[in-house]
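Working notes, structure below.
Where a number appears in this text, it was derived from the coordinates with a stated rule and is not lab data. Computed from a predicted model, the values in this text were never measured in an experiment. Every residue, glycine as well, gets a Cβ built from its backbone with ideal geometry; the counts of neighbours run over all protein chains shown.
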Amino acid sequence: MTFDESLSSERSQLSAFFDEGVRNRRMLSQAAFQLSDIASSKGWKFICYCRQVKAIFSNSEVHFLPIIRNFLTATAKIVGLNHSDIFRPGPTSSSPVSPEELQIRLFGEKIEKNSEIAVVLHLFYVGLWPEIAELLSDIPEPFDLFISLPKEQKNFRSEIQKYFPNAHIYIAPNRGRDIAPFLEIFRAIFPLDYQFLCKLHSKRSTHLSTGENRRQSLFSELIGSEQRVNEILQLFRQNIEIDMVVPKGFLTGGIDIDTFTNRKNLETLAGLLNIPLHDYYFEYPAGSMFWCRPGCLEKLAGSGIRTADFPPERGQLNNTLAHAVERIFGLLVTDEGRQLIDTSVFQSYLNRKEKH
């Protein structure tokens, strides 16, 4: 059975994935699991305790020893409870910059589009480059490669060009994780009108014991083989209502504690982009890696958000503009009446292929 035949027979499966009842159960199941995990977590109870203590010691009418207050302030920052990372949009520039000027500013050259696919990679952990380069080599169709490197690793440019001599490289400030460099690059290349875009970054999640497995799963689901990339591209081409494909296991509902604790930034960002939050009834690509049609992110290209809008890097685990943008990716798709889907839809095809 060919993939085209398989995809045609799976129309009912795609409809089921988008069914509102199925979506409700998917999101509620995720929320129930997280609440159960929180209820049994001593760490979360400790964070809640610190929140309450911080509120007490922040009261200007209560005069405790400065050393105690400083200790609690530092503790609040460590557990991600500080509010210094609230996003406050700055004034937009009065003098618009042309796409060509942006391209030259970022890459040192004007970009000539050579394919219909753009791959945008933030390479913070350069030690992962050989692994990523090998995976990129398996993409079966031509693509233009855009890579952001932190300033501290600018000399790594030559290593990248050994594998991909035509890669366009942006030396970025270490600010805004993978999100800020992506927005800068996206704003510069959006006018080139790519048909498809793949967003990747060298994710390690060093704060999680499963960080390596998470990264490998993300990469495998998006660019793990020629077959997988072909499946994703065919899915786009045969289903015009689908604008984003997310790795299996990473399509997450907005009804989660990390979304609610980042509420202020998310509300500000949604207001800036003029999209409703739909009572947090949305799904988004957790881990911020995906394939998409670039048009679904057009509002971000014109948002005026710059790297300087992101807080300095302090190892924050939540409550930053980057975490808000991660969630807004999904909202931008559904607000236009379009669809996100994850790569689990390909599993039945793979299982059937093994039986034939």
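Per-structure values
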read-out	value
Pair S29, E141: separation of 7 Å Cα→Cβ label points (nm)	3.1 nm
Fewest-first ranking of V333, V22, V325, using other Cβ atoms within 10 Å as the exposure measure	V22, V333, V325
Extension reserve of the L272-K151 stretch, reckoned as 0.36 nm per residue once the Cα distance is removed	40.6 nm
Under the Debye formula (equal points on every Cα, no solvent term), log10 I(q)/I(0) of the stretch 103-260 at q = 0.13 Å⁻¹	-0.64
Rounded FRET efficiency, nearest 0.05, which uses the C-beta distance separating L128 from K162 and R0 of 22 Å	0.90
Gap separating the Cα centres of the stretch 95-123 and the stretch 129-204, nearest whole Å	11 Å
Extension gain from N114 to L192, taking 0.36 nm per residue of separation minus the Cα-Cα distance	27.1 nm
Range of Cα positions in the stretch 129-218 per principal axis (Å), largest first	40, 31, 26
Whole-number D in µm²/s for the stretch 86-141 (Stokes-Einstein; Kirkwood sum over Cα pairs; 4 °C, 1.567 mPa s)	86 µm²/s
For the stretch 209-335, fraction of C-alpha pairs farther apart than 27 Å, in %	22 percent
Nonlocal amide H pairs with I169, under 5 Å, H built at 1.01 Å	I147
Computed E for E336/Q234 - FRET, C-beta separation, R0 25 angstrom, nearest 0.05	0.65
Extension reserve of the S225-K264 stretch, reckoned as 0.36 nm per residue once the Cα distance is removed	10.1 nm
From phi via Karplus (6.51, -1.76, 1.60), per-residue ³J(HN,Hα) for the stretch 274-285 in Hz, x at Gly/Pro	6, 10, x, 7, 6, 6, 6, 8, 7, 10, 8, x
K113, K203, K248 arranged by Cβ crowding within 10 Å, fewest neighbours leading	K113, K248, K203
